[in-house]
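The values are calculated or read from the model by the stated rules, or taken from the named source; none is laboratory data. Note that the structure is predicted; figures quoted are calculated from it, not measured. Here Cβ is always computed from backbone atoms with ideal geometry, including for glycine, and neighbour counts include all displayed protein chains. Ligands, DNA and RNA are excluded from the accessible area calculation, which covers all protein heavy atoms including side chains. Shrake-Rupley method; radii C 1.70, N 1.55, O 1.52, S 1.80 Å.
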Amino acid sequence: MSAARWLRELGTLALSLLNALLGWLLVAPFALLIPKRRDWIAVIGRQHGRFLDNAKYFFIEASLERADLDIRFVSEYPDAAVAIAAHELRVLQYPRLESIWFLLRCNCAVVDSTDWNDHFRRFLLVRAQIVQLWHGVGFKRIERDRWRHEVGRARWASRSWVFALRMILYRVSGRAVRYAAVCSTSVFYRDKVFSHAFLARHFPITGYPRNGFGRELHGRALDLAWHNVDRQVSSRIAEWTAAGKRLVLIVPTMRDSLKAPMELDAATMQRLGTFAGTHGIEFLFKFHPSERNAQGITGDHLHVCAPHSDVYPLLPHCHALVTDYSSIYMDFLLLDRPVLFLVMDGDSYAREDRETQFDPSSMMPGPRLADWDELLEVLVETPFSDMNGPERTRLRNMAFDGVDQSESTVRLLDFMRKQGWLPKRTPSSMPKPGLPE
(Lines give C-alpha, C1' and ligand atoms only; values in the text may rest on other atoms or scores of the structure.)
Protein backbone atom coordinates (compact mmCIF):
# COMPACT_ATOMS: atom_id res chain seq x y z
CA MET A 1 0.00 0.00 0.00
CA SER A 2 1.39 3.41 -0.97
CA ALA A 3 2.20 6.14 1.57
CA ALA A 4 -0.54 8.30 0.10
CA ARG A 5 -3.09 5.56 0.59
CA TRP A 6 -1.97 4.95 4.15
CA LEU A 7 -2.44 8.66 4.84
CA ARG A 8 -5.96 8.46 3.46
CA GLU A 9 -6.63 5.40 5.60
CA LEU A 10 -5.34 7.18 8.70
CA GLY A 11 -7.45 10.23 7.88
CA THR A 12 -10.51 8.04 7.49
CA LEU A 13 -9.77 6.33 10.80
CA ALA A 14 -9.33 9.67 12.57
CA LEU A 15 -12.67 10.89 11.21
CA SER A 16 -14.38 7.65 12.21
CA LEU A 17 -12.98 7.97 15.74
CA LEU A 18 -14.33 11.52 15.99
CA ASN A 19 -17.73 10.29 14.80
CA ALA A 20 -17.50 7.42 17.28
CA LEU A 21 -16.87 9.83 20.14
CA LEU A 22 -20.00 11.75 19.20
CA GLY A 23 -21.92 8.52 18.65
CA TRP A 24 -21.06 6.96 21.99
CA LEU A 25 -21.68 10.20 23.89
CA LEU A 26 -24.80 11.49 22.16
CA VAL A 27 -26.54 8.72 20.23
CA ALA A 28 -25.86 5.43 22.03
CA PRO A 29 -27.23 6.54 25.44
CA PHE A 30 -30.47 7.60 23.79
CA ALA A 31 -30.65 4.30 21.83
CA LEU A 32 -30.24 2.34 25.06
CA LEU A 33 -33.45 3.88 26.43
CA ILE A 34 -35.68 3.30 23.41
CA PRO A 35 -37.82 0.12 23.65
CA LYS A 36 -37.39 -2.36 20.79
CA ARG A 37 -40.01 -3.84 18.49
CA ARG A 38 -39.37 -7.55 17.87
CA ASP A 39 -41.49 -7.46 14.73
CA TRP A 40 -39.33 -4.78 13.07
CA ILE A 41 -36.35 -5.73 10.85
CA ALA A 42 -34.07 -3.23 9.13
CA VAL A 43 -32.21 -4.44 6.03
CA ILE A 44 -29.14 -2.42 5.05
CA GLY A 45 -27.51 -3.18 1.71
CA ARG A 46 -23.87 -2.85 0.71
CA GLN A 47 -22.31 0.53 -0.01
CA HIS A 48 -24.74 2.37 2.26
CA GLY A 49 -27.90 0.77 0.99
CA ARG A 50 -27.52 -0.04 -2.67
CA PHE A 51 -30.10 -2.52 -3.89
CA LEU A 52 -28.04 -5.61 -4.64
CA ASP A 53 -26.48 -8.76 -3.25
CA ASN A 54 -27.73 -10.85 -0.31
CA ALA A 55 -29.49 -7.96 1.42
CA LYS A 56 -31.61 -7.31 -1.67
CA TYR A 57 -32.87 -10.87 -2.03
CA PHE A 58 -33.34 -11.41 1.68
CA PHE A 59 -35.47 -8.27 1.77
CA ILE A 60 -37.67 -9.25 -1.18
CA GLU A 61 -38.18 -12.84 -0.04
CA ALA A 62 -38.63 -12.01 3.66
CA SER A 63 -41.19 -9.33 2.79
CA LEU A 64 -43.22 -11.99 0.97
CA GLU A 65 -42.65 -14.69 3.59
CA ARG A 66 -43.70 -13.01 6.81
CA ALA A 67 -46.92 -11.00 6.93
CA ASP A 68 -46.48 -10.31 10.65
CA LEU A 69 -43.13 -8.51 10.31
CA ASP A 70 -42.41 -4.92 9.41
CA ILE A 71 -39.34 -5.34 7.18
CA ARG A 72 -37.84 -2.18 5.71
CA PHE A 73 -34.93 -1.63 3.38
CA VAL A 74 -32.80 1.30 4.56
CA SER A 75 -30.95 3.10 1.80
CA GLU A 76 -29.16 6.37 1.23
CA TYR A 77 -30.07 6.31 -2.50
CA PRO A 78 -33.29 7.93 -3.74
CA ASP A 79 -33.45 5.73 -6.88
CA ALA A 80 -33.48 2.57 -4.78
CA ALA A 81 -36.14 4.03 -2.49
CA VAL A 82 -38.35 5.01 -5.43
CA ALA A 83 -38.04 1.59 -7.09
CA ILE A 84 -38.86 -0.36 -3.93
CA ALA A 85 -41.79 1.89 -3.04
CA ALA A 86 -43.14 1.54 -6.59
CA HIS A 87 -43.33 -2.23 -6.02
CA GLU A 88 -45.27 -1.68 -2.79
CA LEU A 89 -42.60 -2.88 -0.40
CA ARG A 90 -41.40 -0.81 2.56
CA VAL A 91 -38.33 1.37 2.26
CA LEU A 92 -36.75 4.17 4.27
CA GLN A 93 -34.29 6.74 3.00
CA TYR A 94 -31.49 7.42 5.45
CA PRO A 95 -30.92 9.75 7.30
CA ARG A 96 -34.49 10.99 7.29
CA LEU A 97 -36.15 11.08 10.70
CA GLU A 98 -38.43 8.12 10.05
CA SER A 99 -35.44 5.96 9.14
CA ILE A 100 -33.56 7.05 12.28
CA TRP A 101 -36.61 6.21 14.41
CA PHE A 102 -36.95 2.80 12.77
CA LEU A 103 -33.28 1.96 13.42
CA LEU A 104 -33.66 3.02 17.03
CA ARG A 105 -36.68 0.76 17.54
CA CYS A 106 -36.02 -2.31 15.38
CA ASN A 107 -34.89 -5.40 17.26
CA CYS A 108 -32.97 -6.89 14.30
CA ALA A 109 -30.88 -5.58 11.43
CA VAL A 110 -29.71 -7.74 8.53
CA VAL A 111 -26.60 -6.58 6.66
CA ASP A 112 -24.17 -8.06 4.13
CA SER A 113 -21.07 -5.86 4.41
CA THR A 114 -19.28 -3.75 7.03
CA ASP A 115 -20.26 -0.24 5.93
CA TRP A 116 -23.68 -0.63 7.59
CA ASN A 117 -22.06 0.91 10.68
CA ASP A 118 -21.13 4.19 8.97
CA HIS A 119 -22.96 7.50 9.36
CA PHE A 120 -23.96 6.80 12.99
CA ARG A 121 -26.02 3.70 12.14
CA ARG A 122 -23.82 1.66 14.47
CA PHE A 123 -24.95 3.76 17.46
CA LEU A 124 -28.62 3.82 16.49
CA LEU A 125 -28.48 0.00 16.43
CA VAL A 126 -26.48 -0.36 19.63
CA ARG A 127 -29.02 -2.77 21.23
CA ALA A 128 -30.24 -4.47 18.05
CA GLN A 129 -29.41 -8.03 16.99
CA ILE A 130 -27.11 -7.55 13.98
CA VAL A 131 -27.12 -10.45 11.50
CA GLN A 132 -24.26 -10.47 9.00
CA LEU A 133 -24.96 -12.24 5.68
CA TRP A 134 -21.63 -11.22 4.10
CA HIS A 135 -21.07 -11.35 0.35
CA GLY A 136 -18.86 -14.21 -0.68
CA VAL A 137 -17.23 -17.56 0.07
CA GLY A 138 -13.94 -17.52 -1.80
CA PHE A 139 -10.43 -18.20 -0.60
CA LYS A 140 -9.09 -14.72 0.16
CA ARG A 141 -8.64 -13.75 3.78
CA ILE A 142 -11.30 -11.37 5.07
CA GLU A 143 -11.83 -9.13 8.09
CA ARG A 144 -10.00 -10.17 11.29
CA ASP A 145 -8.25 -13.02 9.50
CA ARG A 146 -6.96 -10.59 6.91
CA TRP A 147 -5.87 -8.05 9.51
CA ARG A 148 -3.72 -10.76 11.07
CA HIS A 149 -2.13 -11.58 7.70
CA GLU A 150 -1.45 -8.30 5.90
CA VAL A 151 0.97 -8.60 2.99
CA GLY A 152 3.50 -6.48 1.12
CA ARG A 153 4.32 -3.11 2.60
CA ALA A 154 1.37 -3.41 4.98
CA ARG A 155 2.80 -6.54 6.65
CA TRP A 156 3.89 -4.55 9.68
CA ALA A 157 0.22 -3.87 10.47
CA SER A 158 -0.19 -7.53 11.42
CA ARG A 159 2.31 -7.46 14.25
CA SER A 160 0.65 -8.57 17.44
CA TRP A 161 0.72 -5.18 19.17
CA VAL A 162 -0.46 -3.34 16.04
CA PHE A 163 -3.25 -5.86 15.51
CA ALA A 164 -4.36 -5.42 19.13
CA LEU A 165 -4.35 -1.64 18.74
CA ARG A 166 -6.28 -1.88 15.48
CA MET A 167 -8.91 -4.06 17.12
CA ILE A 168 -9.37 -1.53 19.92
CA LEU A 169 -9.72 1.31 17.44
CA TYR A 170 -12.06 -0.70 15.21
CA ARG A 171 -14.25 -1.68 18.15
CA VAL A 172 -14.47 1.93 19.33
CA SER A 173 -15.22 3.25 15.83
CA GLY A 174 -17.76 0.50 15.11
CA ARG A 175 -15.72 -1.06 12.30
CA ALA A 176 -15.55 -4.32 14.25
CA VAL A 177 -18.49 -5.56 16.31
CA ARG A 178 -19.62 -8.79 17.89
CA TYR A 179 -22.50 -9.88 15.70
CA ALA A 180 -25.53 -11.73 16.94
CA ALA A 181 -25.02 -14.07 13.98
CA VAL A 182 -22.77 -14.40 10.95
CA CYS A 183 -24.32 -16.63 8.30
CA SER A 184 -22.42 -19.26 6.40
CA THR A 185 -23.14 -21.48 3.40
CA SER A 186 -21.57 -24.68 4.73
CA VAL A 187 -19.83 -26.35 7.66
CA PHE A 188 -16.50 -26.00 5.85
CA TYR A 189 -16.77 -22.24 5.42
CA ARG A 190 -18.15 -21.76 8.90
CA ASP A 191 -15.20 -23.57 10.49
CA LYS A 192 -12.42 -22.49 8.11
CA VAL A 193 -13.40 -18.92 7.24
CA PHE A 194 -16.18 -17.11 9.05
CA SER A 195 -15.42 -18.23 12.60
CA HIS A 196 -11.88 -16.86 12.16
CA ALA A 197 -12.92 -13.65 10.39
CA PHE A 198 -15.74 -12.41 12.63
CA LEU A 199 -16.73 -12.14 16.27
CA ALA A 200 -20.23 -13.57 16.66
CA ARG A 201 -22.44 -15.46 19.09
CA HIS A 202 -23.78 -17.75 16.36
CA PHE A 203 -22.66 -18.97 12.94
CA PRO A 204 -25.81 -20.50 11.40
CA ILE A 205 -25.58 -22.33 8.09
CA THR A 206 -28.32 -20.69 6.04
CA GLY A 207 -26.97 -20.34 2.51
CA TYR A 208 -27.09 -17.13 0.48
CA PRO A 209 -30.41 -15.57 -0.59
CA ARG A 210 -28.84 -14.20 -3.79
CA ASN A 211 -28.16 -17.75 -5.02
CA GLY A 212 -31.81 -18.72 -5.11
CA PHE A 213 -32.59 -15.98 -7.59
CA GLY A 214 -35.91 -16.27 -9.41
CA ARG A 215 -36.94 -19.73 -8.18
CA GLU A 216 -39.66 -18.57 -5.81
CA LEU A 217 -40.28 -15.05 -7.13
CA HIS A 218 -43.03 -14.11 -9.56
CA GLY A 219 -44.96 -11.14 -10.85
CA ARG A 220 -43.81 -7.77 -9.57
CA ALA A 221 -41.50 -9.41 -7.04
CA LEU A 222 -39.50 -10.85 -9.93
CA ASP A 223 -39.57 -7.45 -11.65
CA LEU A 224 -38.14 -5.85 -8.52
CA ALA A 225 -35.37 -8.46 -8.40
CA TRP A 226 -34.28 -7.25 -11.83
CA HIS A 227 -34.04 -3.66 -10.61
CA ASN A 228 -30.45 -2.38 -10.56
CA VAL A 229 -29.30 -4.92 -13.14
CA ASP A 230 -27.40 -3.18 -15.95
CA ARG A 231 -30.08 -2.23 -18.50
CA GLN A 232 -27.76 -2.13 -21.49
CA VAL A 233 -26.99 -5.80 -20.86
CA SER A 234 -30.33 -7.11 -19.57
CA SER A 235 -32.24 -5.52 -22.46
CA ARG A 236 -30.23 -7.55 -24.98
CA ILE A 237 -30.30 -11.00 -23.38
CA ALA A 238 -33.31 -12.14 -25.41
CA GLU A 239 -31.66 -10.89 -28.62
CA TRP A 240 -28.39 -12.69 -27.85
CA THR A 241 -30.20 -15.89 -26.88
CA ALA A 242 -32.22 -15.89 -30.10
CA ALA A 243 -29.00 -15.42 -32.09
CA GLY A 244 -27.35 -18.36 -30.32
CA LYS A 245 -24.68 -16.20 -28.69
CA ARG A 246 -22.52 -17.46 -25.82
CA LEU A 247 -22.23 -15.04 -22.90
CA VAL A 248 -18.92 -15.03 -21.04
CA LEU A 249 -18.81 -13.06 -17.78
CA ILE A 250 -15.40 -11.65 -16.79
CA VAL A 251 -15.06 -10.62 -13.13
CA PRO A 252 -11.58 -9.49 -12.03
CA THR A 253 -10.66 -9.02 -8.39
CA MET A 254 -10.03 -5.54 -7.07
CA ARG A 255 -6.29 -5.13 -6.43
CA ASP A 256 -5.35 -3.43 -3.18
CA SER A 257 -2.11 -2.51 -4.97
CA LEU A 258 -4.25 -0.69 -7.60
CA LYS A 259 -2.87 -2.66 -10.56
CA ALA A 260 -4.90 -2.63 -13.77
CA PRO A 261 -7.20 -5.68 -13.86
CA MET A 262 -6.02 -8.50 -16.13
CA GLU A 263 -3.76 -6.15 -18.10
CA LEU A 264 -6.65 -4.91 -20.23
CA ASP A 265 -5.28 -2.46 -22.80
CA ALA A 266 -6.46 -1.14 -26.18
CA ALA A 267 -4.77 -3.92 -28.17
CA THR A 268 -6.30 -6.63 -25.94
CA MET A 269 -9.77 -5.13 -26.21
CA GLN A 270 -9.53 -4.97 -29.98
CA ARG A 271 -8.47 -8.59 -30.12
CA LEU A 272 -11.28 -9.65 -27.77
CA GLY A 273 -13.82 -7.84 -29.93
CA THR A 274 -12.60 -9.53 -33.12
CA PHE A 275 -12.54 -12.94 -31.44
CA ALA A 276 -16.06 -12.49 -30.04
CA GLY A 277 -17.48 -11.52 -33.43
CA THR A 278 -15.88 -14.55 -35.07
CA HIS A 279 -16.96 -17.10 -32.46
CA GLY A 280 -20.43 -15.82 -31.51
CA ILE A 281 -19.47 -14.62 -28.04
CA GLU A 282 -20.52 -11.58 -26.03
CA PHE A 283 -18.09 -10.60 -23.27
CA LEU A 284 -19.68 -9.09 -20.15
CA PHE A 285 -17.35 -7.31 -17.72
CA LYS A 286 -18.20 -6.67 -14.08
CA PHE A 287 -15.55 -4.77 -12.14
CA HIS A 288 -15.38 -3.99 -8.45
CA PRO A 289 -17.19 -0.69 -7.68
CA SER A 290 -13.90 0.81 -6.44
CA GLU A 291 -11.96 -0.15 -9.57
CA ARG A 292 -10.37 2.90 -11.24
CA ASN A 293 -8.20 1.17 -13.84
CA ALA A 294 -10.84 -0.25 -16.14
CA GLN A 295 -11.78 2.82 -18.15
CA GLY A 296 -12.23 2.86 -21.90
CA ILE A 297 -13.39 -0.72 -22.53
CA THR A 298 -15.36 -0.47 -25.76
CA GLY A 299 -16.35 -2.74 -28.61
CA ASP A 300 -19.39 -4.17 -30.32
CA HIS A 301 -19.11 -7.38 -28.32
CA LEU A 302 -17.62 -5.99 -25.09
CA HIS A 303 -20.14 -4.85 -22.48
CA VAL A 304 -19.26 -3.32 -19.12
CA CYS A 305 -21.91 -3.60 -16.40
CA ALA A 306 -22.45 -0.48 -14.32
CA PRO A 307 -20.09 -0.53 -11.31
CA HIS A 308 -22.83 -0.58 -8.67
CA SER A 309 -25.22 -2.86 -10.55
CA ASP A 310 -26.46 -6.31 -9.51
CA VAL A 311 -24.92 -9.08 -11.61
CA TYR A 312 -26.65 -12.10 -10.07
CA PRO A 313 -29.75 -12.20 -12.31
CA LEU A 314 -27.35 -12.40 -15.27
CA LEU A 315 -25.52 -15.51 -14.04
CA PRO A 316 -28.08 -18.09 -15.29
CA HIS A 317 -27.70 -16.60 -18.79
CA CYS A 318 -23.89 -16.89 -18.85
CA HIS A 319 -22.21 -19.90 -20.42
CA ALA A 320 -18.85 -19.45 -18.67
CA LEU A 321 -17.22 -17.26 -16.06
CA VAL A 322 -13.67 -15.87 -16.09
CA THR A 323 -12.02 -14.57 -12.94
CA ASP A 324 -8.76 -14.54 -11.05
CA TYR A 325 -9.64 -14.55 -7.35
CA SER A 326 -13.21 -13.24 -7.12
CA SER A 327 -15.46 -15.30 -4.84
CA ILE A 328 -18.32 -15.02 -7.34
CA TYR A 329 -17.03 -18.17 -9.01
CA MET A 330 -18.20 -20.23 -6.01
CA ASP A 331 -21.77 -19.07 -6.60
CA PHE A 332 -21.39 -19.79 -10.33
CA LEU A 333 -20.58 -23.42 -9.44
CA LEU A 334 -24.28 -23.87 -8.61
CA LEU A 335 -24.93 -23.67 -12.36
CA ASP A 336 -22.26 -26.33 -13.08
CA ARG A 337 -20.81 -24.38 -16.01
CA PRO A 338 -17.15 -23.77 -16.94
CA VAL A 339 -15.08 -21.48 -14.71
CA LEU A 340 -11.78 -20.23 -16.14
CA PHE A 341 -9.05 -18.62 -14.04
CA LEU A 342 -7.02 -15.94 -15.78
CA VAL A 343 -4.11 -15.36 -13.39
CA MET A 344 -1.64 -13.09 -15.15
CA ASP A 345 0.47 -11.99 -12.20
CA GLY A 346 1.60 -15.40 -11.01
CA ASP A 347 1.74 -15.53 -7.22
CA SER A 348 2.30 -11.80 -6.73
CA TYR A 349 -1.34 -11.24 -5.72
CA ALA A 350 -0.83 -13.16 -2.47
CA ARG A 351 2.43 -11.29 -1.84
CA GLU A 352 1.31 -7.75 -2.68
CA ASP A 353 -2.47 -7.59 -2.38
CA ARG A 354 -4.09 -10.15 -0.12
CA GLU A 355 -3.12 -13.54 1.21
CA THR A 356 -5.31 -16.52 0.38
CA GLN A 357 -6.58 -18.87 3.07
CA PHE A 358 -6.14 -21.95 0.92
CA ASP A 359 -3.80 -23.13 -1.79
CA PRO A 360 -5.40 -21.55 -4.90
CA SER A 361 -4.70 -24.63 -7.00
CA SER A 362 -6.87 -26.69 -4.63
CA MET A 363 -9.78 -24.27 -5.00
CA MET A 364 -9.77 -23.63 -8.76
CA PRO A 365 -12.17 -26.01 -10.54
CA GLY A 366 -10.96 -25.03 -13.98
CA PRO A 367 -7.85 -24.29 -16.01
CA ARG A 368 -5.41 -21.71 -14.63
CA LEU A 369 -4.44 -19.55 -17.60
CA ALA A 370 -1.48 -17.17 -17.78
CA ASP A 371 -2.56 -14.81 -20.58
CA TRP A 372 -5.35 -13.89 -22.97
CA ASP A 373 -3.96 -16.18 -25.69
CA GLU A 374 -4.50 -19.22 -23.48
CA LEU A 375 -7.96 -18.02 -22.47
CA LEU A 376 -9.14 -17.55 -26.03
CA GLU A 377 -7.86 -21.00 -26.98
CA VAL A 378 -9.96 -22.54 -24.23
CA LEU A 379 -13.03 -20.51 -25.17
CA VAL A 380 -12.88 -21.85 -28.71
CA GLU A 381 -13.26 -25.36 -27.32
CA THR A 382 -15.54 -24.70 -24.31
CA PRO A 383 -17.81 -26.37 -23.35
CA PHE A 384 -16.98 -29.42 -25.46
CA SER A 385 -13.55 -29.92 -23.88
CA ASP A 386 -14.76 -29.19 -20.35
CA MET A 387 -13.34 -31.92 -18.11
CA ASN A 388 -13.76 -30.13 -14.77
CA GLY A 389 -17.24 -31.28 -13.80
CA PRO A 390 -16.10 -33.61 -10.97
CA GLU A 391 -13.93 -30.88 -9.42
CA ARG A 392 -16.77 -28.37 -9.63
CA THR A 393 -19.02 -30.88 -7.89
CA ARG A 394 -16.49 -31.40 -5.09
CA LEU A 395 -16.09 -27.69 -4.42
CA ARG A 396 -19.81 -26.99 -4.80
CA ASN A 397 -20.63 -29.59 -2.16
CA MET A 398 -17.91 -28.20 0.10
CA ALA A 399 -19.22 -24.64 -0.29
CA PHE A 400 -22.97 -25.29 -0.05
CA ASP A 401 -23.42 -28.69 1.65
CA GLY A 402 -25.85 -29.65 -1.08
CA VAL A 403 -28.43 -27.29 0.44
CA ASP A 404 -31.13 -25.64 -1.70
CA GLN A 405 -30.21 -21.95 -1.80
CA SER A 406 -33.77 -20.88 -2.58
CA GLU A 407 -34.63 -21.67 1.07
CA SER A 408 -31.88 -19.45 2.54
CA THR A 409 -34.17 -16.63 3.61
CA VAL A 410 -36.67 -19.01 5.24
CA ARG A 411 -33.86 -20.77 7.11
CA LEU A 412 -32.51 -17.47 8.41
CA LEU A 413 -35.93 -16.23 9.53
CA ASP A 414 -36.56 -19.54 11.31
CA PHE A 415 -33.19 -19.28 13.06
CA MET A 416 -33.92 -15.72 14.19
CA ARG A 417 -37.34 -16.78 15.47
CA LYS A 418 -35.87 -19.71 17.43
CA GLN A 419 -33.41 -17.32 19.09
CA GLY A 420 -36.33 -15.21 20.29
CA TRP A 421 -35.27 -12.21 18.20
CA LEU A 422 -38.56 -12.30 16.25
CA PRO A 423 -42.09 -13.04 17.43
CA LYS A 424 -43.32 -16.63 17.14
CA ARG A 425 -45.15 -17.57 14.00
CA THR A 426 -48.93 -17.60 14.20
CA PRO A 427 -51.62 -18.60 11.67
CA SER A 428 -52.00 -14.93 10.74
CA SER A 429 -48.32 -14.73 9.79
CA MET A 430 -48.52 -17.14 6.86
CA PRO A 431 -46.64 -16.19 3.67
CA LYS A 432 -48.11 -13.37 1.68
CA PRO A 433 -49.53 -14.32 -1.76
CA GLY A 434 -47.01 -12.08 -3.54
CA LEU A 435 -46.88 -8.56 -4.80
CA PRO A 436 -49.83 -7.45 -6.94
CA GLU A 437 -49.38 -7.81 -10.68
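Can you give the extra length, in nm with one decimal, that the chain gains between residue 160 and residue 351 once fully stretched, where that is 0.36 nm per residue apart less the Cα-Cα distance?
66.8 nm
Provide the FRET efficiency to the nearest 0.05 for the residue 370-residue 397 pair, computing r from the beta carbons and using R0 = 30 Å.
0.55
Counting each DSSP H run of 4 or more residues in the chain as -39500 (n - 2.57), what helix-only mean residue ellipticity at 222 nm follows after dividing by all residues, to the nearest 500 deg cm²/dmol?
Here the helix-only value at 222 nm equals -10000 deg cm²/dmol.
Quick check: at a probe of 1.4 Å, how many percent of the accessible area of the chain sits on carbon and sulfur atoms?
About 55 percent, which is the carbon plus sulfur part of the accessible surface.
Amide H of residue 92 versus every other amide H placed in the peptide plane: which residues, excluding those fewer than 5 positions away on the same chain, fall under 5 Å?
73, 74, 75
Compute the Rg/Rh shape ratio of the stretch 184-241: radius of gyration over Kirkwood radius, all on alpha-carbon atoms. If you can, show how the numbers build up before the last one.
Details: Rg = 17.1 Å, Rh = 14.4 Å.
The Rg/Rh ratio comes out at 1.18.
When you count, for each residue, the other Cβ atoms within 10 Å and take the mean per peptide, how do 272-283, 25-36 rank with the highest first?
272-283, 25-36
Going by Cα centres, the stretch 346-415 and the stretch 269-283 are how many Å apart?
Taking the Cα centre of each part, the stretch 346-415 and the stretch 269-283 sit 24 Å apart.
Considering only 390, 302, 123, whose Cα is most displaced toward the positive end of the charge dipole of the chain, charges sitting on Cβ of Lys, Arg (+1) and Asp, Glu (-1)?
123
At 25 °C and 0.890 mPa s, what whole-number value in µm²/s does Stokes-Einstein give for the translational diffusion of the stretch 52-143, with Rh from the Kirkwood sum over Cα pairs?
Value of D from the Cα-based Kirkwood radius: 175 µm²/s.
How far apart, in nm, are the 7 Å Cα→Cβ label points at residue 101 and residue 336?
Distance between label points: 5.2 nm.
Regarding the stretch 82-217, what whole-number volume in Å³ per residue does the convex hull of its Cα atoms give?
Measuring per residue, one finds 149 Å³ for the Cα hull of the stretch 82-217.
For the chain, what number of Lys pairs, 8 or more residues apart or on separate chains, have alpha-carbon atoms under 30 Å from each other?
Here the count comes out as 21.
Nothing charged except the Cβ atoms of Lys and Arg (+1) and of Asp and Glu (-1): what's the magnitude of the dipole of the chain about its Cα centre? Round to the nearest 20 debye.
Once rounded to the nearest 20, the dipole reads 2160 debye.
Over the chain, give the accessible area per residue in Å² for a 1.4 Å probe, as an integer.
43
In what sequence, largest accessible area first, do 290, 113 appear using a 1.4 Å probe?
Heavy-atom accessible area, descending, gives 290, 113.
Between the stretch 168-237 and the stretch 68-89, what's the alpha-carbon centroid distance in Å?
The two parts, judged by their Cα centres, are 18 Å apart.
Please give the charge dipole size of the stretch 111-153, origin at the Cα centre, charges +1 on K and R Cβ atoms and -1 on D and E Cβ atoms. Round to the nearest 20 debye.
160
Under unit Cβ charges (Lys, Arg +1; Asp, Glu -1), what dipole magnitude, rounded to 20 debye, does the stretch 94-133 have relative to its Cα centre?
Dipole size: approximately 200 debye.
Measure off 7 Å from each Cα along the Cα-to-Cβ vector at residue 218 and residue 12, then give the distance between these two points in nanometres to one decimal.
Label-label distance for residue 218 and residue 12, simple model: 4.4 nm.
Report the per residue volume, in Å³, of the convex hull enclosing the C-alpha atoms of the stretch 176-327.
150
Run the simple label-point estimate for residue 268 and residue 168 please: 7 Å along Cα→C-beta, distance reported in nm.
That separation, rounded to one decimal, is 4.4 nm.
Give me the base-10 log of I(q)/I(0) for the chain at each q in 0.08, 0.09, 0.10, 0.11 Å⁻¹, Debye formula, one uniform scatterer per Cα, rounded to two decimals.
Computed log10 I(q)/I(0) values: -0.47, -0.59, -0.74, -0.90.
Which is farthest toward the positive dipole end of the stretch 294-437 among 344, 419, 406, measuring Cα position about the Cα centre, with Cβ charges +1 (Lys, Arg) and -1 (Asp, Glu)?
So the residue furthest toward the plus end is 419.
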